[in-house]
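Since the structure comes first, as structure tokens, the remarks are kept for the end.
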Amino acid sequence: MKISRIILAVVLAVSIIFLICLVVPRFGKNILCEKDSFYEKTESEPELETKLDETEADDAGAAEKEPEAEPEITLTRIKVHGEPFKKLYYVGDDFDRAGITVIASYSNGSSKTATGWTASGFSTEKISLGDKQTLTISYTEGDVTETAEVSGLFYIASKEAKPVNKPVLLSNDEYTGTFADGVYYKFGNFPQTISSLSGDESYTKDVVYNGYYLGADGYFYEKCKENPNEGGYKYSDGSPVDKASSNVEKYFRVEPIKWRVLNPSEGKEKILVAENVLMSNVAFYDYSNITRKLDDKAVYPNNYKHSKIRAYLNGLSYVVKEKESAEQTVNEVYLNKGFLQKAFTSRAQKLISLSVVENEPVSANPSSDENLWNEGKNMFACENTKDKIFLLSEKEVTAGTFGFAEYDDYGRGNSRIRKTTDYAKANFAHQSAGSAFGGWWWLRSPYYFRTDFALNCDDTGSAYDFDMVSTRRGGVVPALSISIED
């Protein structure tokens, strides 16, 4: 009986141990039954040496350490390189950023060119002759804003002084011109009226635009030494024009040029002629008795194609021969700096047509009779030219379709009369003493009888006159062609 109980106890104990070997590993205990134990491993079973966490929910990698977060890169400062290119503004203009580069630096030592920065502290509310202004440059990224300063001298002109870059029609209330039923435009700018400002302190010390000074009234001014053709001249304000010997310099306000349309009813391409003698002291050609030679052809002093006055009008070079024994040279005094470049911005110049300018003998006779003088023959007539700015011919300035009278008509009310501006008076232009008359001005047509004479319109409006080409008192009345929509 005892033996049976012992055997039963052993069997029971073995059964308990066997169950423990099967069940306990599932609950986190690491029990190994060796070969000589009650449980024998097989080759396909894993080693029971796994270490598990204290709780079953955290057994999937909780022992691995989480990576540290990267430090945040933040804006630390900005630096301004360069300075504003634009120094001249008009009242009401916005700041021009061109010329300024902003470099942003960061907490990790890196840097880059910043965009989207702003500028404050700049003002164009009032006219300035070159005051210093300090601008604050601001740049923001995220919650960080950095600033830097840049300073400069800026000139602020009146918005009324802006160049007239395209033809602007003038109403009858704004202007009454040389022809009663004329159509008039303003286009381009040129020195014209004597200044009303007092003292050099009323102007900038240096030129600020196109060779012009800026005045305290916000307008641009040309400064020149007075050199009248004769004594007794007076400016439009009644003040005298001082002789050249007085060595006096005066300022002349730059103003829009007024033009009359010669062919208002002939399509979009309009011929405009200036309403005033704008300039003088420019000879038709320098030397009246010297014949040049180009391409084995004689070039006479009254040849318009190779004239000084054409070079001045268009900013060209021209060939000069001072005396018979001298070599021919090329004079570049007006190259790219003639009337065209002075009176018109590059934008305005693009609007002016490159015209075929007729210089045949027929152009040197009155419109009413192309054979009137020398049976229409003129050995001094030159080839046609292509120009943006030109002088009128005898034919054009006597054309009834252009609003002009016959060539020999003259007197009060003649539409060929051109009064000289104050600036032209200071630059050797002739001006009639009669208040109803003007100065005489060059035509491009050569006189048929002499190599050294060219035609002109006199101060009473007659187109039956001529003068020696080397004369400097003849006025300049420019003309041009341009497309204008009605």
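The values are calculated or read from the model by the stated rules, or taken from the named source; none is laboratory data. Quantities reported herein were computed from a predicted structural model and do not represent experimental measurements. Neighbour counts run over all protein chains shown; Cβ positions are idealised from the backbone, glycine included. Keep in mind that these areas ignore ligands, DNA and RNA; they rest on the heavy atoms of the full protein, side chains included. Shrake-Rupley method; radii C 1.70, N 1.55, O 1.52, S 1.80 Å.
Here are the numbers for this structure:
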{"quantity": "Residues satisfying the stated conditions in region 112-138, i.e. assigned to a loop (DSSP other than H, G, I, E, B) and not β-branched (Val, Ile, Thr)", "calculated": "114, 116, 117, 121, 122, 123, 125, 126"}
{"quantity": "Options 436, 429, 463: the member that is touching a helix residue (DSSP H, G or I) at 6+ places or on another chain (Cβ under 8 Å) and part of a loop (DSSP other than H, G, I, E, B)", "calculated": "463"}
{"quantity": "Residue selected from region 284-322 under the condition among the small types (Gly, Ala, Ser) and over 23 Å from residue 341 (Cα atoms), by the criterion farthest from the chain's Cα centre (by Cα)", "calculated": "298"}
{"quantity": "Yes/no for residue 155 being within 20 Å of the chain's Cα centre (by Cα), open to solvent by less than 70 Å² (accessible area, probe 1.4 Å) and without any contact (Cβ under 8 Å) to a residue 60 or more places away in the chain", "calculated": "no"}
{"quantity": "Filter pass, residue 112 being surrounded by fewer than 14 Cβ atoms within 10 Å (Cβ to Cβ) and of a type in the set (Lys, Arg)", "calculated": "yes"}
{"quantity": "Tally, over region 433-462, of residues that are of a type in the set (S, T, N, Q) and modelled with pLDDT under 95", "calculated": "1"}
{"quantity": "Boolean, residue 266 is touching a Lys or Arg at 6+ places or on another chain (Cβ under 6 Å), open to solvent by 30 Å² or more (accessible area, probe 1.4 Å) and not aliphatic (A, V, I, L, M)", "calculated": "no"}
{"quantity": "Count of region 119-150 residues which are in contact with a strand residue (DSSP E or B) (Cβ under 9 Å, 6 or more places away or on another chain), open to solvent by 50 Å² or more (accessible area, probe 1.4 Å) and farther than 17 Å from residue 214 by Cβ", "calculated": "9"}
{"quantity": "Residue list for region 158-172, filter: surrounded by 12 or more Cβ atoms within 10 Å (Cβ to Cβ) and within 13 Å of residue 258 (Cβ to Cβ)", "calculated": "164, 167, 168, 169, 170"}
{"quantity": "Residue that is nearest to residue 355 (Cα to Cα) [pool: residues in region 242-263 that are open to solvent by less than 40 Å² (accessible area, probe 1.4 Å) and either of a type in the set (Phe, Trp, Tyr) or part of a strand (DSSP E or B) (or both)]", "calculated": "261"}
{"quantity": "Scope region 68-111; condition touching a Phe, Trp or Tyr at 6+ places or on another chain (Cβ under 9 Å) and either of a type in the set (Phe, Trp, Tyr) or not in a strand (DSSP E or B) (or both); matching residues", "calculated": "73, 74, 84, 86, 87, 89, 94, 95, 96, 97, 98, 99"}
{"quantity": "Members of region 43-102 that are at pLDDT below 55 and of a type in the set (A, V, I, L, M)", "calculated": "48, 52, 57, 60, 62, 63"}
{"quantity": "Qualifying positions in region 439-474 - under 15 Å from residue 414 (Cβ atoms), small (Gly, Ala, Ser) and out of contact with any Asp or Glu (no Cβ under 6 Å at 6 or more places or on another chain)", "calculated": "461, 462, 463"}
{"quantity": "Lone qualifier among 337, 308 - being farther than 26 Å from residue 466 by Cβ and basic (Lys, Arg)", "calculated": "337"}
{"quantity": "Selection from region 393-421 of residues that are among the polar types (S, T, N, Q), closer than 27 Å to residue 371 by Cα and part of a loop (DSSP other than H, G, I, E, B)", "calculated": "393, 414, 415"}
{"quantity": "Residue check, residue 424 touching a strand residue (DSSP E or B) at 6+ places or on another chain (Cβ under 8 Å), in contact (Cβ under 8 Å) with a residue 12 or more places away in the chain and not in a strand (DSSP E or B)", "calculated": "yes"}
{"quantity": "Among the residues listed as 281, 336, the single one being surrounded by 12 or more Cβ atoms within 10 Å (Cβ to Cβ), on the phi > 0 side of the Ramachandran plot and either of a type in the set (Lys, Arg) or in a loop (DSSP other than H, G, I, E, B) (or both)", "calculated": "281"}
{"quantity": "Residue list for region 173-207, restricted to those being of a type in the set (Val, Ile, Thr) and either open to solvent by less than 40 Å² (accessible area, probe 1.4 Å) or in contact (Cβ under 8 Å) with a residue 12 or more places away in the chain (or both)", "calculated": "178, 183, 193, 194, 204"}
{"quantity": "Criterion (modelled with pLDDT of 95 or more, in contact with a helix residue (DSSP H, G or I) (Cβ under 9 Å, 6 or more places away or on another chain) and not small (Gly, Ala, Ser)) met by exactly one of 287, 300, 312", "calculated": "312"}
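For every residue, the table says whether it meets (1) in contact (Cβ under 8 Å) with a residue 40 or more places away in the chain; (2) surrounded by 20 or more Cβ atoms within 10 Å (Cβ to Cβ); (3) assigned to a helix (DSSP H, G or I).
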{"site": "312", "(1), (2), (3)": "yes, yes, yes"}
{"site": "370", "(1), (2), (3)": "no, no, no"}
{"site": "379", "(1), (2), (3)": "yes, no, no"}
{"site": "386", "(1), (2), (3)": "no, no, no"}
